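Peer 1: Structure below; questions to follow.
Nothing in this text is a laboratory measurement; each read-out follows from the coordinates by a stated rule. Worth saying up front: this structure is predicted, and the values here are computed from it rather than measured. All Cβ positions, glycine included, derive from the backbone under ideal geometry; neighbour counts span all protein chains shown.
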Amino acid sequence: MNSLNFSLCVVLLAPFGQESQSKSGPSQTKFAQVSPAQIAGPYQRSDGQRRAVVLVHGLRAHPFSNDNVAKAKLCDWQQTDSRLVKALTKDADVFAFAYSQDAALEDIAASAELGDNVGRLKKLGYAEIVLVGHSAGGLIVRQFVEDHPQAGVTKVIQVCAPNAGTSWAKVTLAVRERQEIFLGSLTRDHRHKCLEARIDKKIPDNIEFVAVVCRLTIPDKLGLSINILGKDVVLAEVGVKKGDGVVSCLTQWPDDLQKQGIPIVVLSDAHFSVMKSRAATNKIAELVREPQPRWDPASTAAARRKLFGDGP
């Protein structure tokens, strides 16, 4: 993926619920029950349902409006009629969390709204509460369980999460000024500082955790060229690492997660399509249903060799 179509993709990522205001962190959040859908009133647990799944989105770029940055809005794959929600509904009640993007992601993860609503789900009697976070949402749910191991969450599924940051976060042309703080919190430098500051934080042993790593089959370099009088003229070449077109595989499954024995599932999908494709949504639903125990060092080493070869 080059910088030209990246801007288009982040715009397309954008697509009901209780809204709240926060003095620190995002200016607006929304936590909604999307299956079975609730128009108004308190959340309801389906008869006999033991599992709740909470979907958390990532970057929703706002290149045209500063006002939209401060609005919490669900993505289309978080909606009641989406392929993912329909797949999850077979085995769970489904909820979704949205947030404005005028704060750093670590402040969003630390805001009270996510914790308060997870607490409400726990009080409803769900035996399992599963957080599914795509992209930056994967970082939010990771930090949440690291900081609140007894909140009631039993499993976390990260999908294409930039745990170690991404160079695409420097493409500020895709967002308005108000959103730059959020985008900046996804850069490699910022993520490195956050991980260093949180070096004592680990995935709690009582919470299952799995990383969905997306990997595309793409050449090491992509040439940008135009055809002039029947001859291709190369304008530029962009180096491309193994990854989903936005986030490298090593960032999706970095060393610190490998050392903790966090298992992975590798899919051939792209960053901006994974939450909508049939194969990926079926796999996510399977991961929600099935146990995800930690890997031993031998299993981790074997997966590393298969994913990265002799080295990352």
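Peer 1: What shape does region 79-160 have by the C-alpha gyration tensor, where a ≥ b ≥ c are the square roots of the eigenvalues, rounded means a/c under 1.5, and otherwise prolate means a/b greater than b/c and oblate the rest?
Peer 2: Cα axes put region 79-160 in the oblate bin.
Peer 1: Shifting gears a bit: Classify region 238-312 as rounded, prolate or oblate, taking a ≥ b ≥ c as the square roots of the eigenvalues of its Cα gyration tensor: rounded when a/c is under 1.5, otherwise prolate if a/b is larger than b/c and oblate if not.
Peer 2: It is oblate, given that a/c is not under 1.5 and a/b is not larger than b/c.
Peer 1: Leaving out same-chain residues fewer than 8 places away, which aspartates and glutamates sit with a Cα under 14 Å from that of Lys86?
Peer 2: Those aspartates and glutamates meeting the cut-off are Asp76, Glu286.
Peer 1: Here is the link list: Lys90/Lys306; Lys71/Lys242; Lys283/Lys306. Which ones come out longer than 29 Å on Cα distance?
Peer 2: Long pairs (Cα-Cα over 29 Å): Lys90/Lys306; Lys71/Lys242.
Peer 1: What is the packing order of peptides 283-295, 120-132, taking the mean over residues of other C-beta atoms within 10 Å and listing the highest first?
Peer 2: So the peptides 283-295, 120-132, ranked by packing, come out 120-132, 283-295.
Peer 1: Arg305 to Ser273: extension gain in nm, 0.36 nm per residue of separation minus the Cα-Cα distance?
Peer 2: Length gained, Arg305 through Ser273: 8.9 nm.
Peer 1: If each residue of separation counts as 0.36 nm, what is the full-extension length gain between Leu216 and Ala37 once their alpha-carbon separation is subtracted? Can you show the working numbers first?
Peer 2: On the way: separation 179, 0.36 × 179 = 64.44 nm, distance 3.47 nm.
Residue separation times 0.36 nm, minus the Cα-Cα distance, leaves 61.0 nm.
Peer 1: Can you compute the modelled spin-label distance between Asn282 and Lys122, with each label point 7 Å from Cα toward Cβ, in nm?
Peer 2: Result for the modelled spin labels: 3.6 nm.
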